[in-house]
Amino acid sequence: GVFYEVVQSFPRVEENVEVDSYVSSHRWRRHSESLKSVDTNRASMGQDSLEPGGFTDLLLEEGHDNATQIEEDTDHNYYTSRTYGPFDSTSRDLWVNIDQMEKDKVKIHGILSNTHRQAARVNLSFDFPFYGHFLREITVATGGFIYTGEVVHRMLTATQYIAPLMANFDPSVSRNSTVRYFDNGTALVVQWDHVHLQDNYNLGSFTFQATLLNDGRIIFGYKEIPVAVTQISSTNHPVKVGLSDAFVVVHRIQQIPNVRRRTIYEYHRVELQMSKITNLSAVEMIPLPTCLQFTSCGPCVTAQIGFNCSWCSKLQRCSSGFDRHRQDWVDSGCPEESKDKICEKNIDTTETPLYSTTTLLPTTTRFRVLTTTRGSTTSHLPTSLPTEDDTKIALHLKDNGASTDDSAAEKKGGTLHAGLIVGILVLVLVVAAAILVTIYMYHHPTSAASLFFIERRPSRWPAMKFRRGSGHPAYAEVEPVGEKEGFIVSEQC
């Protein structure tokens, strides 16, 4: 596999993680006439099966008309994708040029812009719905993709990604390459600027971006694609265009107490046609309704959205059994409860979705709820004037005044952490030095240090009497004779 290093230490990288992508070896192609008979969101061996090959995936339909500039695919279950060709005006409208945005909101990631196979966590200012789950944190990688998992591990390319163009990109090989992102409160734009392939630099530079909107839409924009994506080698790094999500299962290891292994199972993947990714093209993916949007039993069990939705009263959650809450669903006994599909009385059958779904043009689709016009629900895409950017982070900061992603809070926290460590080391050294000095003075009572402290002892001394030494006039042995002011000294002294 391909391993990535995560820049930030929090949340920490999980080392004891096993990634299983069985979905790629067992796929279903769903057709409209078999929608009711084929449950494409459940394991083929039963809803609770975790056996290899037990998860389904959907491929893009073949045979699109090459003459059309707009291609729509509703065969993804979770998303509807629209591909816009280079001669379609929509592809240019969907491209977001962030060079003229507010400089304090444009972040140029210094580490990602100068390293290979690195990833860094980025906080969102809004809730982003992804496969029905709301995200507030993502991980941006140098390899042209965004990791969306909560459990951060080194094999980020396997599952849970948003990949406008995942490949072996290395921003460190060119001073013109940067990784930037911009968040305006309703959308996050991540852009890979003039990046080159690490194992084939001469193919040229790639410039593309991914936009995540607060209504759940995902937009891939491509400005500079010098070669056909199908020609990019996947020998040293996976090449993917699309989406993926998975759930995490925690296994207890009986032989080792208090040790758990996390296994990540991919339950769905959207694979876009790489041959459609060209200069000035764009892909828009619109989320479809999922079971997670229902918050009461009635609408959950009666929903006809292409999923076998079930209600779990213990968790007060609607689910198909395959989402990121899979662990809680099984541990709470929800699969057994959901078999009867009986709701309590007086259940309100009205339901308000947790988030609005952008709808499509009037068309006959496999999902009954998508019947209104496209564009009735819109988010504010950032807009800007055209400009060109071909500089590294240092030149960005000098010329444009854009800020890096190292915030003042992070710097302050690092300073406090370093100061605490230095303080502890100094304290340990002082204590060790005091112990060594005491031992030295005890074994060398006539040393300068011992005499220095003896001369400064308190004025109240125990009375002493001197005994004649061993013939040497300069020394005498003393022993205490009682608590008394002053000394009793013999005439010989």
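The values are calculated or read from the model by the stated rules, or taken from the named source; none is laboratory data. Since this is a predicted model, take the numbers as computed values, not measurements. Methodologically, a virtual Cβ is constructed for each residue, glycine included, from the backbone with ideal geometry; neighbour enumeration extends over all protein chains shown. Surface accessibility is based on the protein's heavy atoms, side chains included, excluding ligands, DNA and RNA. Shrake-Rupley method; radii C 1.70, N 1.55, O 1.52, S 1.80 Å.
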Failed condition for residue 60, given (1) at pLDDT 80 or above; (2) in contact with a Ser or Thr (Cβ under 9 Å, 6 or more places away or on another chain); (3) of a type in the set (A, V, I, L, M, F, W, C): (1)
Residue within the stretch 145-161 that is at pLDDT 95 or above and either touching a Cys at 6+ places or on another chain (Cβ under 6 Å) or of a type in the set (Gly, Ala, Ser) (or both) present: no
Among the candidates 250, 283, residue that is within 25 Å of the chain's Cα centre (by Cα), hydrophobic (A, V, I, L, M, F, W, C), assigned to a strand (DSSP E or B) and surrounded by fewer than 22 Cβ atoms within 10 Å (Cβ to Cβ): 250
Residue in the stretch 150-157 that is of a type outside the set (A, V, I, L, M, F, W, C) and in contact with a Leu (Cβ under 7 Å, 6 or more places away or on another chain) present: no
Search result, residues across the stretch 286-336 that are of a type in the set (A, V, I, L, M) and part of a helix (DSSP H, G or I): 292, 301, 330
Close pairs (7 angstrom Cβ cut-off, 6 or more residues apart or separate chains): over 11 Å from residue 132 (Cβ atoms) and without any contact (Cβ under 8 Å) to a residue 40 or more places away in the chain in the stretch 306-323, surrounded by fewer than 24 Cβ atoms within 10 Å (Cβ to Cβ) and basic (Lys, Arg) anywhere: 310/341
Lone qualifier among 249, 283, 259 - being in contact with a Phe, Trp or Tyr (Cβ under 7 Å, 6 or more places away or on another chain) and over 23 Å from residue 95 (Cα atoms): 249
Residues satisfying the stated conditions in the stretch 263-277, i.e. charged (D, E, K, R) and in a helix (DSSP H, G or I): 276
Residue selected from the stretch 109-123 under the condition open to solvent by less than 10 Å² (accessible area, probe 1.4 Å) and under 13 Å from the mean Cα position of the chain (by Cα), by the criterion farthest from residue 187 (Cα to Cα): 119
Residue within the stretch 139-149 that is open to solvent by 10 Å² or more (accessible area, probe 1.4 Å) and not basic (Lys, Arg) present: no
